[in-house]
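The block underneath contains the structure these notes are about, expressed in structure tokens.
The values are calculated or read from the model by the stated rules, or taken from the named source; none is laboratory data. Every value quoted in this text rests on a predicted model; they were computed, and no experiment measured them. Here the Cβ positions follow ideal geometry from the backbone for every residue, glycine too, while neighbour counts run over all protein chains shown. To get the accessible areas, we keep the full protein, side chains included, count just its heavy atoms, and leave off ligands, DNA and RNA. Shrake-Rupley method; radii C 1.70, N 1.55, O 1.52, S 1.80 Å.
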Amino acid sequence: MSSTSVLDTDHYVRLSDTILEAGGAGVPESDDLEGSATGLGTGYGQSKWVGEHLVREAGRRGLDGCIIRPGYITGDSKSGVINTDDFLMRMLKGCAQLGQMPDIHNTVNMVPVDHVARVVVACAASPPAKPLAVVQVTSRPRLRMNEFLATLAVYGYEVKTVDYIPWRMALENYVMGESKDNAL
């Protein structure tokens, strides 16, 4: 199990934008990830990058396998049961507590846990024909972060949309200046 966090670099943001604008489907699964050799900002993404390189090397040496690369794994698509302590849920709760949400336009690849589980089982039960495959588990259609956060209004939360920097400053003041707890 990997993560789309291996693509969290400026290189892949630009590449993805270029490919999508040209009508493509995003970064190809065959990409060697050299665009992330530097620039990954978290240990999580770095460890997933190293893990993928180890599995790819095992594939070059003859081991069959599959790298599964999901985005944000969310709750079950039927029951709605979700980990309320993950980043996306904390983002919703934190914005509701603050009464503000940042106007962020990037897409958020949210994939229901039951879909990810089906992909894992399918790859294990019937591995792809290639010696080593990369399966990117993505959502369609993708929401932008501001669209995701706008669901707060649907459920009756009064949340004002502001630019990111003023939102971050308000969040810092809420926690540090006013000594209030926030999910974020």
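Among the residues of segment 152-179, the ones that are at pLDDT below 95 and under 16 Å from Asn106 (Cα atoms) come to 0 in all.
Is there a residue being assigned to a helix (DSSP H, G or I) and more than 29 Å from Glu172 (Cβ to Cβ) anywhere in segment 91-105? No. Within the span defined as segment 121-130, one or more residues are free of Cβ contacts under 8 Å to residues at least 24 places away in the same chain, assigned to a loop (DSSP other than H, G, I, E, B) and farther than 26 Å from Gly45 by Cα. Taken over segment 16-60, the residue count meeting the criterion of being closer than 19 Å to Val108 by Cα, of a type in the set (A, V, I, L, M, F, W, C) and at pLDDT 85 or above is 1. For segment 153-183, a residue qualifies if it is within 11 Å of Gly94 (Cα to Cα), in a loop (DSSP other than H, G, I, E, B) and open to solvent by less than 80 Å² (accessible area, probe 1.4 Å), and the qualifying residues are Val159, Asn182, Ala183. Screening Ser36 on (1) farther than 20 Å from Val119 by Cα; (2) among the small types (Gly, Ala, Ser); (3) surrounded by fewer than 18 Cβ atoms within 10 Å (Cβ to Cβ) shows it passes everything except condition (3).
Residue-wise test of (1) open to solvent by 90 Å² or more (accessible area, probe 1.4 Å); (2) part of a helix (DSSP H, G or I); (3) in contact (Cβ under 8 Å) with a residue 60 or more places away in the chain; (4) not β-branched (Val, Ile, Thr).
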position	(1), (2), (3), (4)
Val6	no, yes, yes, no
Tyr12	no, yes, no, yes
Ser16	no, yes, no, yes
Gly23	no, no, no, yes
Glu29	no, no, yes, yes
Gly51	no, yes, no, yes
Glu57	no, yes, no, yes
Ile67	no, no, yes, no
Lys78	yes, no, no, yes
